[in-house]
Amino acid sequence: MTNPARAMTTIAVTLLAALWAAGSAPVHAQEAAGSYEIVPIAEGLDHPWSLTFMPDGSILVVELSGNVRIIRGGVLSPDSVAGIPDVYFESQGGLFDLLLDPEFSTNGFVYLSYAHGTPGENRTRVARARFDGASLSDVEVIFDAEPAKNTPVHYGGRMLFLPDGTLLVTVGDGFDYREDAQRLDVDFGKVVRINRDGSVPEDNPFIGREGAKPEIWTLGHRNAQGIVYDNLSGRVYLHEHGPQGGDEINIIEPGKNYGWPVITYGLDYSGARISPYTEYEGMEQPLLHWTPSIAPAGFTLYRGSVFPEWDGDLFAGALAAKHLRRVDMENGQPVGQEELFGELGQRIREVRTGPDGYLYLVTDGENGSVLRVAPKE
């Protein structure tokens, strides 16, 4: 994650400025100001991290500290959902994401990603459980990233169901293990693909390769904090944090290598170059990169009629920059960017498109909020 408090050298600043000019779609001033209203839905949340919309209209809010809160009828329950597994809550570690099974209405399954373990041995974990609207039961661990690590950072932990019912899970590089993002015998710096019971799909790209973990779908990632699927194009978009610069949006495809740390547009926090390469044979270029970093978090691809001018665009929270970043997409390519909701002055941790077509934002911190963005009438 970007560390804004660490100063860069003059050389680093010059290099970052050059990379910014070369690597990003143009950013425009907030064009939508005055055309929307932001309505608080819930307040007083403890480091809220993600949102899940339920079929009955309620909203589940995941708190990093290990709680899942319910917003029902516009009221935030004071208590957490019961039965949440123990999480390792330290620094960036905690409870990350909660997804409903594609057949939730008939089987009641939900999936949770979280940090598990101890300071000396911890990892990204995924568990499946049954949810009855108030508590979890039959909790079963279906994935453990291997090996364990001794750092409380860079877990990834974002999840996405593909149309075939398989589950993608982002696994961070653990910060101190960045070179392992290029190794196929460990899960650091990968996107893995598993079945809903935790087994490995037979068509994963590295099945049968000696020394390769069969769950790996893509490699060469740093710390992916957003992943979305576009039903119209069939593309999977993923964004990930760079160090100082080099945040990326990638279109990810099975078996491909996205380069970290061999290629990057970012610098180390000391100002030193991590790699002399921004491109290398056999490694994918990002669709877009942010240099300097915006620290992207949360991700949605908007499809809807409430904001027709945003249909097909990508949205990511900008933790460091304290706004929502809209990426204007045309024919699968970014053609511009827009900074939205900077008047909040908040780190935006999550953004989702609601079933009602509105945008929902989650602000970060010890007193986080859930906000709904609607057109101004």
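Exactly one residue out of Glu279, Glu253, Glu248, Glu284 is of a type in the set (D, E, K, R) and either at pLDDT below 95 or part of a strand (DSSP E or B) (or both): that is Glu248. Can we say Gly66 is modelled with pLDDT of 95 or more and at positive phi? It is true that Gly66 is modelled with pLDDT of 95 or more and at positive phi. Among the residues of the stretch 166-186, those that are over 16 Å from Leu238 (Cβ atoms) and either without any contact (Cβ under 8 Å) to a residue 40 or more places away in the chain or not in a helix (DSSP H, G or I) (or both) comprise Gly174, Phe175, Asp176, Tyr177, Asp180, Arg183, Leu184, Asp185, Val186.
Of the residues making up the stretch 92-140, those that are over 22 Å from the mean Cα position of the chain (by Cα), among the polar types (S, T, N, Q) and part of a strand (DSSP E or B) are Ser135, Ser137. Comparison of Glu37, Glu31 shows that the only residue that is out of contact with any Phe, Trp or Tyr (no Cβ under 8 Å at 6 or more places or on another chain), part of a strand (DSSP E or B) and at pLDDT below 95 is Glu37. Only residues in the stretch 344-372 that are aromatic (Phe, Trp, Tyr) count as the first member; pair them with residues that are buried (at least 23 other Cβ atoms within 10 Å of the Cβ) and in a loop (DSSP other than H, G, I, E, B), Cβ under 6 angstrom, at least 6 apart or cross-chain, and list the lot. Filtered contacts from the stretch 344-372: no entries. If a residue has to be charged (D, E, K, R), crowded, with 19+ Cβ neighbours inside 10 Å and either farther than 15 Å from Trp49 by Cα or touching a Pro at 6+ places or on another chain (Cβ under 9 Å) (or both) to count, how many in the stretch 74-117 make the cut? The number of residues fulfilling the criteria is 1.
The values are calculated or read from the model by the stated rules, or taken from the named source; none is laboratory data. Predicted model, so just to flag it, every value in this text is computed and none were measured. Ideal geometry is used to build each Cβ from the backbone, glycine not excepted, and the neighbour counts take in all protein chains shown.
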